[in-house]
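**Student:** Before I ask anything, here is the structure I am working with.
The values are calculated or read from the model by the stated rules, or taken from the named source; none is laboratory data. In this text, all values refer to a predicted model and were calculated from it rather than measured experimentally. Note that each Cβ is placed from the backbone with ideal geometry, even for glycine, and that neighbours are counted across all protein chains shown. Accessible surface is based on the protein model in full, side chains and every heavy atom, while ligands, DNA and RNA are left aside. Shrake-Rupley method; radii C 1.70, N 1.55, O 1.52, S 1.80 Å.
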Amino acid sequence: MIALLQGITAMILLQLAFAVWNASRLPVLGAQHREEPAEAQQRLEAAKSRGTQAAALSVLIPARDEAANIAGCLNSVLACSTAGRHIEIIVLDDRSADDTAALAAAAGGSRTQVLAGAALPEGWAGKCHACAQLAEAAGGEWLLFLDADIRLQPQALTAALASAEAQGSGLITGFPRQQTGSWLERLAVPLMVFTIVCHLPVPLVRRSRDPRFVAAHGGFMLIHRDSYTRCGGHAGIRDQLVDDMALARAVKLAGEPVTLADISGYTEMRMYHNAREVWKGYRKNIYAGLGRKPVLLLGVLLFYALLYVFPVIAALWAVTTGDTGALLWASAAIAGGAAVKRTADRAGRQPFWFCLLLPASIVSLIAIGAASWRGSVSGQGYEWKGRRYR
């Protein structure tokens, strides 16, 4: 038992070292160039002298049954500084059953187009179809796909354009700061950043052309129009449930650059609002996100269980048996795991105490992952926003 716990502790310490290094490699959105006030004024004057111009950026928001979110999203977009750049904002109401369209029109006013989405064709995932329609309607050099539950800080668009202009083409994405309320949200949602920080070498997202080295968040996808066309856009990934990862891989396969950036200082969102939504959302995505590979899913879940759940079980066993040595090493493994989680939570701007929830987070991940696998192999599929997918 002690030898096993010593091995686990050593693995966790190696994971911690990697996580600390990896989190420090995340480029910050807009850090390439911070515009000075005089520069911004010159840009404004130049924009006035040119009059009407093509949009530098199209902010594109697919919305289906987003009555609770769309006004807040649009208000945050409209409050953003644009430093003289021409920005267009387009919302696509994806055949909502609520007042999404009316609320978008009221919140957006004359600065926002609200489009009525077409019926979903056979073979398309709903969000891919909505985004494809938005891209077709957009006139911007850069396309920023935003989820309706995201909220931007006032400097978010200027930071996004600074990074876009520095990169020149391709895709820029990142994970917004996540707001959580229910316990399952707190357990599961921060694991998105945890898995990236622990396993994906961030520099290779940009430097390697291998599509395996990629991560993306559909809430914030900034892509150059030409790159979007070259990679096939959403039409090329039309049936993909995990559309953000699929689009990022397509961009890489097209030879275009992909950057995973720290956008948490400029964006925040609450993806889910209760445990039921968390369960349904992650159940839809986990197995598909791993390429529907059962052996890979099983390996990941067993690895996490060994590193982050087994030490808790071993500690309880050591307490009941009085095995001081085992308790010492189990405690070291638990503390190391909490340190790894804190490293990821700090990158995602989550509260400090969330790191103490790691064992419970992994248990919840195992349960949802198993349900995700069952939904696929049983043929039952997944239900999301009134649509069923397989």
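**Student:** Within the group Q155, Q178, which residue is more than 16 Å from S227 (Cα to Cα), in contact (Cβ under 8 Å) with a residue 60 or more places away in the chain, open to solvent by 30 Å² or more (accessible area, probe 1.4 Å) and of a type outside the set (G, A, S)?
**Tutor:** None of the others qualify; the one that does is Q155.
**Student:** Suppose we keep only residues that are assigned to a helix (DSSP H, G or I) and touching an Asp or Glu at 6+ places or on another chain (Cβ under 8 Å) within region 270-283. Which one would you say is surrounded by the fewest Cβ atoms within 10 Å (Cβ to Cβ)?
**Tutor:** Applying the filter and picking the extreme gives A275.
**Student:** Then there's this: Can you tell me which residues in region 73-110 are of a type in the set (S, T, Y) and over 20 Å from A56 (Cβ atoms)?
**Tutor:** Of everything in region 73-110, those that are of a type in the set (S, T, Y) and over 20 Å from A56 (Cβ atoms) turn out to be S96, T100.
**Student:** While we're looking at this one, here's another question. Can you tell me which residue in region 144-185 is nearest to N69 (Cα to Cα), limited to those that are among the small types (G, A, S) and not in a loop (DSSP other than H, G, I, E, B)?
**Tutor:** A156
**Student:** Do you know which of the residues in region 219-269 that are among the basic types (K, R) and in contact with an Asp or Glu (Cβ under 8 Å, 6 or more places away or on another chain) is surrounded by the most Cβ atoms within 10 Å (Cβ to Cβ)?
**Tutor:** That would be K252.
**Student:** Next question. Tell me which residues, restricted to region 122-145, are in contact with a helix residue (DSSP H, G or I) (Cβ under 7 Å, 6 or more places away or on another chain) and either over 14 Å from I89 (Cα atoms) or hydrophobic (A, V, I, L, M, F, W, C) (or both).
**Tutor:** Answer for region 122-145, where residues must be in contact with a helix residue (DSSP H, G or I) (Cβ under 7 Å, 6 or more places away or on another chain) and either over 14 Å from I89 (Cα atoms) or hydrophobic (A, V, I, L, M, F, W, C) (or both): A125, K127, C128, C131, A132, A135, W142, L143, L144, F145.
**Student:** Taking the condition of being buried (at least 22 other Cβ atoms within 10 Å of the Cβ), in contact with a strand residue (DSSP E or B) (Cβ under 8 Å, 6 or more places away or on another chain) and part of a helix (DSSP H, G or I), how many residues in region 194-218 meet it?
**Tutor:** Final tally of qualifying residues: 3.
**Student:** Starting from residues that are of a type in the set (A, V, I, L, M, F, W, C) and free of Cβ contacts under 8 Å to residues at least 40 places away in the same chain, keep the ones in region 92-114 and report whichever is nearest to E165 (Cα to Cα).
**Tutor:** V114
**Student:** Give me a count of the residues in region 72-86 that are at pLDDT 95 or above and either within 21 Å of A137 (Cβ to Cβ) or β-branched (V, I, T) (or both).
**Tutor:** Looking only at that region, the number is 5.
**Student:** Determine, yes or no, whether G299 is open to solvent by 30 Å² or more (accessible area, probe 1.4 Å), touching a Lys or Arg at 6+ places or on another chain (Cβ under 8 Å) and not β-branched (V, I, T).
**Tutor:** no
**Student:** Got a sec? Which of I362, I368 is hydrophobic (A, V, I, L, M, F, W, C), within 20 Å of the chain's Cα centre (by Cα), under 20 Å from Q240 (Cβ atoms) and open to solvent by less than 10 Å² (accessible area, probe 1.4 Å)?
**Tutor:** The conditions single out I368.
**Student:** Mind listing whichever residues of region 347-359 are crowded, with 17+ Cβ neighbours inside 10 Å and part of a helix (DSSP H, G or I)?
**Tutor:** Result: A347, F354, C355, L357, L358, P359.
**Student:** Now a separate question. Go through (1) under 25 Å from A71 (Cβ atoms); (2) surrounded by fewer than 23 Cβ atoms within 10 Å (Cβ to Cβ) for E141 and report which single condition fails.
**Tutor:** It fails just one condition, (1).
**Student:** If you check every pair at least six apart or on different chains, which have Cβ atoms under 7 Å apart with a residue in region 283-297 that is more than 17 Å from L191 (Cα to Cα) first and a residue that is assigned to a helix (DSSP H, G or I) and open to solvent by 30 Å² or more (accessible area, probe 1.4 Å) second?
**Tutor:** R292/S376; P294/W373
**Student:** Something else now. Report, by residue number, each residue of region 236-267 that is hydrophobic (A, V, I, L, M, F, W, C) and in a helix (DSSP H, G or I).
**Tutor:** I237, M245, A246, L247, A248, A250, V251, L253
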